[in-house]
Each structure stands twice: as structure tokens, then as C-alpha cells.
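For reference, the structure discussed in these notes is given below.
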Amino acid sequence: MKNIPVVMIIFGGSGDLAHRKLYPALFNLYEQGLIHDNFAVIGTARRPWSHEYLREQVSDAVHETHDTVDENDLKEFASHFYYQSHDVTNVEHYETLKKLAQDLDDRYFARGNRLFYMAMAPRFFGTIATHINDQHLTGSGFNRIVVEKPFGHDLASAEKLNKEITASFDEDDIFRIDHYLGKEMVQNIMPMRFTNPLIKNIWSGDYIKNIQVTLAERLGVEARGGYYDTSGALRDMVQNHIFQIITLLAMPEPKDLDSASVHQAKQDLLASMIIPTPEDVKKDFVRGKYLGSDTTFAYKQEPNVDPNSNTETFVAGKVKFAKGPVAGVPIYFRTGKELREKKNRIDIVLKHINNLYGQAHSNNITIEIDPESKIYITINGKRIDQPGIRRENLTYAFSKAEMAKVPDGYERLLHDVFVNDSTNFTHWSELKRYWEFIDAIEDAWQKENEVGKPKVVQYLPYRMGPKEANNIFESLTEHWIYE
């Protein structure tokens, strides 16, 4: 694997994301040789850490995620890390950061390559991007920036942030990261669709009755109440994770697997996405809030949550496209907290066909993303001991040994940033379209709130959300496959 020279600056280097995800992922890439001799990482944050203390934190992070570690390799890896106490609002601090980056570039022969990672509170993204530009932090080689979600709070704020970032970086150098696109079974959607004639030839409204996406979370908001109350399930999960999955399910086949071709196919699809009207929102969308129980707080009782909040912890809805292979097919989604179990899955429901067996059901194609990783097709077959039809699953799954080899999503996506492959990242034109859809729903809900008629239904924890979510289907014969 190619050894890529680079100086990486992580804004938020003392944070949870860097500790849990970025440092272990970088160590794996180091072990593979993608980065090795000619790289340095600068961690920045307000805390008054030293280089040595950061290196201890990096070593701890790797030990926490790896069963066995070559201590000599880990020590050498950690020696490439440096710490710079940094206030992102202080212009003078960027001068100090710029000098350290150049010193490390010279020391490690990084060829002027810079990688900036925004791993801190989203409210600082615009400030950091602006000062990268006006303080000339970019190097003489490649310059790439990785931006975590949420990318804005609505379309207007996303456009403002995008303008600030594009002052320093070209669109091709902006990597809007969504770790769902690094998940094994999400990356399996395109190969499944386009390499199997059995599936490819039925991927249309002639055979597909509906598609269902479920991202269920077992836990409540816990310590994230302050953030979550300004976001809600729609912005937190639908605007990014769910729309990424839906786009992969509904996009036309690209002409090849080049990043530009894949994004063009996505953009062609999203141009035909039907934006819901206020009447559509009333009919096709449900928002809910979890109640309390003997073992959990109600949402309004969670720390840092407004007791009068109308923020939703559950949302279900429908997306349709006017063009593409599944044009006109309803794509239902739901996501929420305090549900029965953690379960991320996709169900493609095929239409019933006329047949000689009255008991025969439709075939379904199910993709389980988490906590298991597998694909199975539900088919009909003959019963052995009595007349009639039974249902069986044809399963594509990984062994435990294979699952052990599956890289973490951040490892995959960081690899792609280093090699400049933006296939599994979000293009601005796609993100803009997602926000147009989300804003239409949020605007309709805000009008309900303003007239004092917010339709936020309550649901008990440890179930699959409010019963009202069963009413969004277009016909009485449709229902949630995963119940």
C-alpha cells in the first residue's frame, strides 16, 4: 500500500470522536502502510495538553480497540502525534498552528500536503474554515478537509457553511463524512443491485411494492439532550444517514464506478425527488416523543431538554422520486430513540403475483446493517407434512472470522480521504437537495407549533414507536415488515 505523505490537523483532538474512532483508525492505516514514515498528526483543542500527554491518549485509544498490539509499532506510531493548545476563535493561534504544521512538514517530508479534520462542535465549522483561508494554513501540495455532520441546521445555514469552506477548498477536496457510508452492508447495496440478474431485473415499480428503511436506536438521548433538543430525529438521522441509504437504493446504475459517475447518478435521481407539501406532511409523516418508564426518563425529563419541547425523538415518513428505476415506488422510513432494540435494516417488499396457491406471500429482500450484517431473500416453498406453502430465507452472511476482518467505517472512509476517493462522501448538490426536503417538513411542523397544534404523538419505550406510524402506508395491505 502506498505511503502517503501528509500533515493532518484534527480540530477537536482531545474529544471523544478522535479518541474512539480516529486514532484507532489511523493506527490501522499505519499498520497497513498507507501512512507510515512521512506523516504527522496535530491534535488541537483548548485543553493545555503536551505532546507526550496526547501520545499517551493515542496509545490508550488503540489499546481500548485492539486485542493485541505490537508495542514497538504503537510507540513509533504515537511519536508522529503533536499537540497544539488552540482557541478556534483566536486568529493568533492559527499563526502558531501554521508554523508547527510547516515545521512538521519539513521534518517528515510531507510535501506540503495538508488534511484538516473538523471533529468538534458544528458551530465552529465556519469559523475554522474562515481562518484556514485568511491565515493561509493550506500547504503547497494537496489540501483536503473532512467535515462531520451535521453540515448546517437547515438549507440557509448549510449554504453559508459551504460558502465559507469553498473559500479555501475546491468541492473535490471537501469530504462531508457520514460513517453509515462506511458500513459493510451499506457498501453492499450497489454490488447487490448491479451484479445479480435475479435482483437487477426486478428493481423497478413493476415488481417492487415499497421499500422500507428502519434505523432504530435502543437508547434515549442521555447526555446529548442539549444538542438533540435543537436537532430532533429528522435532522439528526433522516437528513444524512437515511437519505444516504435511500439514494443508494433508488439511484440509476452509474456508467462506471468512478466517483464522478456515481455522484452523477445520485444527482440525476435527487433532481426528481418530490418535495412534500404541507398537506403531504400531515398525511405522510409522523413525529413522536418517548414517554418514561420505571427504568428510563421521558424525553422532557432528560437533562438539558426544554420541558415544553416539541422536538421529535421519532419520525416516520415517505419519499418518492419521479424518475429512476423505482420511480413512483413509495420509500418509507422510520427512526427513533428508546425503541425495542437497536436494529438498522432495509426491507424491499415485492408485489404479490397471481398464483395457484392462495397462501403464497410476496417475496422480500432484507438487508440487515446492524447489529448483524447479512442479506436474505424470503421465498415461498412447499410444506413437507401438509398441503400449503411455507416461507424460507435464502441468506448471504459473513462468518465470525470474516466479520473480524471488516474494517470500521471510519477506517474505510479515512482511507478514502487519503487516496482522494470521494465516492462514499456527500457532494454539495446532494446535500442541498436533502436539506430542501427536510426544510419542507420542518416548515410545516413549525406552522403547526405556531398555531398551538403540534402533532407530536407520545410512545412508550421499548416498542417500535407510536402506532400512528402504521398509518402512513398508501394501501391497507401495506405494513412494516419489521415489527
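Every number in this text was worked out from the coordinates using simple rules, so none of it is lab data. What you see is a predicted model, and the numbers here were worked out from it, not measured in a lab. Every residue, glycine as well, gets a Cβ built from its backbone with ideal geometry; the counts of neighbours run over all protein chains shown.
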Between beta-carbons, use under 14 Å as the cut-off and find the net charge around Pro325, counting Lys and Arg +1, Asp and Glu -1.
-> +2
What share of Cα pairs, in percent, lie more than 14 angstrom apart in segment 131-197?
-> 69
Listed with the fewest Cβ neighbours within 10 Å leading, His241, His36 appear as His36, His241
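Within 10 Å of each residue's Cβ, count the other Cβ atoms and sort Glu312, Glu442 from fewest upward.
Listing Glu312, Glu442 from fewest to most nearby Cβ atoms yields Glu442, Glu312.
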Hull shadow area, averaged, segment 392-483 [alpha-carbon convex hull, nm²] = 11.7
Pairwise label distance in nanometres, Asp106 with Asn133, each label 7 Å out on the Cα-Cβ vector = 2.9
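Tell me, what is the FRET efficiency for His63 and Asn354 to the nearest 0.05, using R0 = 60 angstrom and their Cβ-Cβ distance as r?
0.50
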Whole-Hz Karplus ³J(HN,Hα) for segment 396-411, in order, using 6.51 cos²θ - 1.76 cosθ + 1.60 and θ = phi - 60°, x for Gly and Pro?
-> 10, 9, 9, 6, 4, 5, 5, 4, 5, 8, 6, x, 4, x, 5, 4
Segment 182-309, Kirkwood Rh and Cα Rg, ratio Rg/Rh at 1.06
Could you work out the local net charge near Ala444, counting Lys and Arg as +1, Asp and Glu as -1, over the other residues with Cβ closer than 15 Å to its Cβ?
-> -3
Express the C-alpha Rg of segment 297-378 as a ratio against the empirical globular expectation 2.2 N^0.38 Å, rounded to two decimals.
-> 1.56
Once the piece of chain linking Ala223 and His361 is laid out straight, how much longer is it, given 0.36 nm per residue of separation minus the C-alpha distance between them?
-> 45.3 nm
Here the residues of segment 342-382 lying in the modelled label zone of Thr477, meaning backbone nitrogen under 16 Å from a point 7 Å along Cα-to-Cβ, are 349-364
Stretched fully, the stretch from Lys342 through Asp268 gains (0.36 nm per residue minus C-alpha distance, one decimal, in nm) 23.4 nm
Net +/- balance of residues flanking Lys209 in space, Cβ distance below 11 Å, scoring K and R +1, D and E -1 = -3
Is it possible to state the helix-based mean residue ellipticity at 222 nm for the chain, with each DSSP H run of 4+ residues giving -39500 (n - 2.57), the sum divided by total residues, to the nearest 500 deg cm²/dmol? What is it?
-> -9500 deg cm²/dmol
Would you mind computing the Rg to Rh ratio of segment 6-176 from its alpha-carbon coordinates, Kirkwood style for Rh?
-> 0.96
In nm, what is the difference between 0.36 nm times the number of residues separating Arg47 and Val91 and their Cα-Cα distance?
-> 14.1 nm
In what order do Phe425, Phe169 fall by count of nearby beta-carbon atoms within 10 Å, going from fewest to most?
-> Phe169, Phe425
Once you have the alpha carbon radius of gyration of the chain, what is it after dividing by 2.2 N^0.38 Å, with N set to its residue count?
-> 1.04
